[in-house]
Amino acid sequence: MSLGSSESFTADSMGLDAIDSGTSILLVGDDSDALKSVFYRLVAAEEDERSVVVATDESGRGVQRALNRAVRGAGSRSSVLTGTGASGTDIDTIDDLGDLTKLGMNLSMHLSETQQQTPRFRTGIYLCSTICAEADDVRSVYRLLNSNFLSELRRGDGIGVCALDTSSDIGASVSSVVAGMKTSFKACIEVEKTGRREATLTTSGLSGVDETVTVSL
Amino acid sequence: MSRTILCVDTADRIDEVSAAIDAEETFEAVEATSVEDARTILDERAVVCVVTGYELDGGSGLEIAQAIRQTAPQTPCVLFTDVSPGEIDTASFEEVLLEYINRDLPDAYDRLTFVVDDVINHSAQVSFLKPDDEQERLDALAQYDIDDLPIEESFDRLTDLIASHFDTAIAFIGLVEADEENILSCHGGDWDRLTREETICTHSMLQEDVMVVEDLNEDKRFSENPHLANLGIRSYAGANMTTNDGHVIGQVCLIDHEVRTYDAEERHELQQFAETAMEILELRQGARGMRTMEAVQ
């Protein structure tokens, strides 16, 4: 247990400066493929780290493969909670994504077990917009983020990425929800697909410098 | 100052839990060994956090968490159990949300006290998002001597004028404190304080521009909130009251009992009313500061 550390997390595959431990990142965009590519590059664990990923629309094996594509061997350094596909080694399936209580407890358990193995972790939710759509009350999603996601970043040595597809119907004003989440998360990355295999990332709150970078997908 | 923690577990396990809590200097453990006992304690006294096992006499720990969410929703709850999440029956508790600690972890009891301290200090289980600069914002709000400033009449005239201008059922000015919204003036309603868990303003204040909810029934941040339904609130518009340092401390709001839209000009006008309310607050505070200085001299 700790209350964070000063060691940062690399993100150089996207031309971004290292990210401070404890940073919560809101990742938003209207192209789910571009979001997914950036998401996995942010949460894929380096050799001295582990990942804990909540995946709403991807099987556990699919998540592990995506992590491996981002960083060699990252899939084997991950724990996955998924809303689809089968359970397996380091993969737990959640039958009902609207069951936020179970999702939150599982996330807390995986994060604490991960930190028993190595203190440094990257965690992420892909897609938070799907969870909002499944929940009866969006306030419960906020309680999930506060209770089981942002708290872990405050206490431990890790970073967290929460991806939200702005083209989704979440049952509330997406622009208003994003505006609120932006003020609550330490950093935001807006992903805009600009070509078949290219996207522009507009960052705020990372390293104190707002910038725009172009990445290949 | 000691903080009261309700510890709930079976008779053969409660001592270990409460001893761990009591070992922390600022904690005071109160014990319950059944769901019924726990409910009684929650009815009778204020607690700042609940630590509960899963399998209890007369029910489960999730029933206690649900009771808290209904009566004191901001109170954090920690499920401390050796039952894995996969084996926990959440069927009737899908949006209760609580912190889970595996009692089988080697450092489980150290983790328990660490987490309890953290969730209390950071109000970590609330159902609203707080701005990243929340503490600085609250510090900015604390600079105003709200209770001592002669602002009531000015604000009452202003909310009368706002309601008349927009032809809305309710117009109010509220300051968003740590746990509650303090309604300084309200035309059309008899509101004094509302918990942040229940207010729309706690969402609106996170948005830089005027937030409009044309129909609360169509927005899942508000449609499941029985408190808003009981007040008959159907539409909302809110503009930020922002200090010179850029901290949002309050809101000027319009409420109606029917679906409403607000065009760009109306939103701009509402923002101007919010800036006027902020100027009144600043002027009154400044005048009070001058008088205090004169008295000292």
Q. Could you say whether any residue in segment B:253-267 is of a type in the set (F, W, Y), within 14 Å of chain A (Cβ to nearest Cβ), touching a residue at least 40 places away in the same chain (Cβ under 8 Å) and in contact with a strand residue (DSSP E or B) (Cβ under 6 Å, 6 or more places away or on another chain)?
A. yes
Q: Scan segment A:93-115 residue by residue and report those that are surrounded by fewer than 19 Cβ atoms within 10 Å (Cβ to Cβ) and either at the interface with chain B (Cβ under 7 Å from one of its Cβ atoms) or within 21 Å of B:K220 (Cβ to Cβ) (or both).
A: A:D96, A:G98
Q: Determine whether segment B:129-140 contains at least one residue that is touching a residue at least 40 places away in the same chain (Cβ under 8 Å), crowded, with 20+ Cβ neighbours inside 10 Å and touching a Cys at 6+ places or on another chain (Cβ under 7 Å).
A: no
Q. Restricting the first residue to segment A:172-198 and requiring it to be among the aromatic types (F, W, Y), which pairs with a second residue that is crowded, with 19+ Cβ neighbours inside 10 Å meet a Cβ separation below 6 Å and a spacing of at least six or different chains?
A. A:F185/A:S24; A:F185/A:L26
Q: Can you tell me which residue within segment B:15-57, out of those that are of a type in the set (S, T, Y) and more than 26 Å from the chain's Cα centre (by Cα), is surrounded by the most Cβ atoms within 10 Å (Cβ to Cβ)?
A: B:S18
Q) Going by the conditions given, is B:I233 away from every other protein chain (no Cβ under 14 Å), in contact with an Asp or Glu (Cβ under 9 Å, 6 or more places away or on another chain), surrounded by 18 or more Cβ atoms within 10 Å (Cβ to Cβ) and assigned to a loop (DSSP other than H, G, I, E, B)? A) yes
**Q.** Set A:L127, A:L153, A:L144: member being surrounded by fewer than 24 Cβ atoms within 10 Å (Cβ to Cβ) and hydrophobic (A, V, I, L, M, F, W, C)
**A.** A:L153
Q) Are any residues in segment A:181-214 closer than 30 Å to A:D136 by Cα, within 13 Å of chain B (Cβ to nearest Cβ) and out of contact with any helix residue (DSSP H, G or I) (no Cβ under 6 Å at 6 or more places or on another chain), and if so, which ones? A) A:M181, A:K182, A:T183, A:S184, A:F185, A:K186, A:A187
Q. Mind checking whether some residue in segment B:281-294 is in contact (Cβ under 8 Å) with a residue 60 or more places away in the chain and either in a loop (DSSP other than H, G, I, E, B) or within 16 Å of B:I183 (Cβ to Cβ) (or both)?
A. yes
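Bear in mind that the values in this text are calculations on the coordinates, not laboratory data. This is a predicted model, so every value here is computed, not measured. Every residue, glycine as well, gets a Cβ built from its backbone with ideal geometry; the counts of neighbours run over all protein chains shown.
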